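Take a look at the structure set out below.
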Amino acid sequence: MDAKQTKTDGKSVGAHPRKLPQRLSAEIIEEVERQLGGRTRDIRLNGELAYLFRERSWPQASKIIRAWMAWVIVLDVLALGLNAILLPIETVEPMLLPAAILPPAAIVTEIAFRKPLAPWQHGVFLLSGVFLILLSVALVGVNTGGEFYERHLTIMLFVAVTAIVIFPMPLSWAIAIAAYALGIYLTFQLRNPDIAVGSAIAGTLFFTGGVAATVVARRTAIILAQKTFLLELRDRNRLADLTDANARLELLARTDPLTGVANRRSMMDALQRCWKDEQGANTIAMLMCDVDDFKRLNDTLGHAEGDRCLVKVAGIIQSSMRDEQDQVARYGGEEFLVLLPGADDRTARSIAATIRSRVEAASLPNPTSRVMPYITVSIGVATASRDGDRASAEDLQRRADAALYLAKEKGRNCVVSYGDKNDQAMK
């Protein structure tokens with residue numbers, strides 16, 4: 001198996017833990033709600049939830065375990081150094097060999113927790129490492145004998161308790177460490193020449209109560225951590241729902257519900273941004289498009305047909321745009337506004353002519369129109385330049401509107417640029 005990829009409950013885990021997904025599946029959310037709806041002490045994470053919990057808790061758990069291993073090495077070396085200074089050499093010598101077991105065991109465990117592995121692999125490294133550490137502490141006292149015998153066995157239990165309390169690990173691992181510690185304690189106490197067998201058993205039972213309480217505390221900590229994780233998942237899902245709802249509301253607020261193009265407010269905001277963008281195009285053009293004799297269409301064929309006409313015209317205008325920078329909006333009623341960043345008058349007139357001809361070619365019925373028995377549009381064109389024009393965004397809009405008015409005067413179904421009053425309208 002690739003060193004950078006292992007399997008966890010049939011799922012691939014890369015060299016870096018994945019982030020929680022922004023959107024959880026319906027099955028996971030249902031399970032989260034079920035778990036949170038019951039009693040806290042009954043929380044059990046299985047399947048995908050257990051996998052996500054391990055992924056989420058891995059960085060913190062690995063740091064805690066590695067730090068604990070480092071401190072155990074430091075304390076072991078310091079204790080051995082102080083004993084070498086304060087105790088006779090014949091007392092220190094029996095300590096050296098068992099004390100030498102601890103650093104390699106801790107170092108190997110620390111290295112194993114530097115990268116994600118399968119849970120069972122981490123379990124093997126952690127339980128083996130802790131067992132050797134506890135055995136090392138106990139053997140230091142057993143080999144030295146005398147007052148050190150029982151003292152180091154008690155220290156060994158203390159080391160086990162700190163591991164159970166501190167390590168964010170599964171309950172089964174905590175129980176295994178507790179069993180290791182109590183088994184080592186009982187085994188060596190039964191061989192202690194200074195106490196009776198009954199005293200050894202009684203002492204083990206006494207410490208069993210304390211270790212068992214520690215395991216219960218670890219179980220409580222695990223359940224609370226899992227509950228916190230479930231609450232986080234629920235909050236993330238609710239936040240994602242709220243974000244989606246806000247996005248939909250924002251889209252509704254900026255989109256014309258009939259045609260699907262932008263609405264007037266959205267276009268005005270886009271125009272202001274485009275106008276104020278110092279890094280934007282040097283020229284900007286605007287088209288004001290109006291459906292000719294639209295009221296006659298509504299009166300003759302009805303408003304439903306009028307709405308269908310507006311949707312078709314909006315689609316034709318949208319399909320005539322150059323790229324995503326060009327924007328189309330329903331300005332109001334039968335009027336559409338088109339924003340063309342970077343377009344000069346020639347380009348703008350060409351696009352307007354394309355729109356006019358495509359609408360005419362669509363042959364959408366308007367039997368009482370004064371132009372022809374089909375839908376046509378009149379288009380006013382206005383352009384401005386950053387260098388030579390001090391016009392505001394509002395001025396550009398008024399110019400396009402004035403050009404549209406002139407197109408209506410010249411017989412409709414034509415394109416007129418602002419300033420072309422004396423020129424022939426463009427068909």
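For residue 391, state whether it is part of a strand (DSSP E or B) and at pLDDT below 95. So residue 391 does not fit the description; no.
Residues are listed down the side, and each one gets a yes or a no for (1) modelled with pLDDT of 95 or more; (2) touching a Phe, Trp or Tyr at 6+ places or on another chain (Cβ under 8 Å); (3) in the same structural domain as residue 174 (by TED's automatic domain parsing):
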residue	(1), (2), (3)
86	no, no, yes
89	no, no, yes
104	yes, no, yes
108	yes, yes, yes
116	no, yes, yes
121	no, no, yes
127	yes, yes, yes
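Screening residue 209 against (1) in contact with a helix residue (DSSP H, G or I) (Cβ under 8 Å, 6 or more places away or on another chain); (2) not in a loop (DSSP other than H, G, I, E, B) leaves a single unmet condition, (1).
Assigned to a helix (DSSP H, G or I), of a type outside the set (Val, Ile, Thr) and surrounded by fewer than 18 Cβ atoms within 10 Å (Cβ to Cβ) - does that describe any residue in region 160-170? No, region 160-170 contains no residue that is assigned to a helix (DSSP H, G or I), of a type outside the set (Val, Ile, Thr) and surrounded by fewer than 18 Cβ atoms within 10 Å (Cβ to Cβ).
For region 227-341, the helices (runs of 4 or more DSSP H) that sit wholly inside it and include 1 or more residues that are more than 27 Å from residue 408 (Cβ to Cβ) are 264-276. Before we move on, is residue 385 within 26 Å of residue 276 (Cβ to Cβ) and either surrounded by fewer than 21 Cβ atoms within 10 Å (Cβ to Cβ) or of a type in the set (Val, Ile, Thr) (or both)? Yes: the conditions hold for residue 385. Cβ separations smaller than 6 Å between residues 6+ apart or across chains give the following pairs from region 164-185 residues that are assigned by TED's automatic domain parsing to the domain that holds residue 150 to residues that are among the basic types (Lys, Arg) and part of a helix (DSSP H, G or I): 164/218; 171/219; 174/218.
The set of residues in region 361-384 that are in contact (Cβ under 8 Å) with a residue 24 or more places away in the chain and either touching a Pro at 6+ places or on another chain (Cβ under 9 Å) or under 16 Å from residue 306 (Cα atoms) (or both) comprises 362, 364, 365, 366, 367, 368, 369, 375, 376, 377. Residues in region 185-205 that are touching a Leu at 6+ places or on another chain (Cβ under 7 Å), more than 21 Å from residue 216 (Cβ to Cβ) and surrounded by 14 or more Cβ atoms within 10 Å (Cβ to Cβ): how many? So the count comes out to 3.
Applying the criterion of being hydrophobic (A, V, I, L, M, F, W, C) and surrounded by fewer than 11 Cβ atoms within 10 Å (Cβ to Cβ) to the residues of region 214-250, the residue that is nearest to residue 37 (Cα to Cα) is 242.
Here is a yes/no grid of residues against (1) among the β-branched types (Val, Ile, Thr); (2) out of contact with any His (no Cβ under 6 Å at 6 or more places or on another chain); (3) buried (at least 17 other Cβ atoms within 10 Å of the Cβ):
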| site | (1), (2), (3) |
| --- | --- |
| 35 | no, yes, yes |
| 40 | yes, yes, no |
| 50 | no, yes, no |
| 59 | no, yes, no |
| 69 | no, yes, yes |
| 72 | yes, yes, yes |
| 86 | no, yes, no |
| 93 | no, yes, no |
| 99 | no, yes, yes |
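Considering only residues that are more than 16 Å from residue 177 (Cβ to Cβ) and hydrophobic (A, V, I, L, M, F, W, C), which ones fall in region 195-216? Residues satisfying the conditions are 195, 196, 197, 200, 201, 202, 205, 206.
Residue by residue, here is whether (1) at pLDDT 85 or above; (2) in contact with a strand residue (DSSP E or B) (Cβ under 8 Å, 6 or more places away or on another chain); (3) within 30 Å of residue 166 (Cβ to Cβ) holds:
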| site | (1), (2), (3) |
| --- | --- |
| 226 | yes, no, yes |
| 229 | yes, no, yes |
| 253 | no, no, no |
| 271 | no, yes, no |
| 285 | yes, yes, no |
| 289 | yes, yes, no |
| 294 | yes, no, no |
| 297 | yes, yes, no |
| 301 | yes, yes, no |
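The values are calculated or read from the model by the stated rules, or taken from the named source; none is laboratory data. Note that this is a predicted model, so its numbers are computed, not measured. Heads up, the Cβs are rebuilt from the backbone with ideal geometry, glycines too, and the neighbour counts pull from every protein chain shown.
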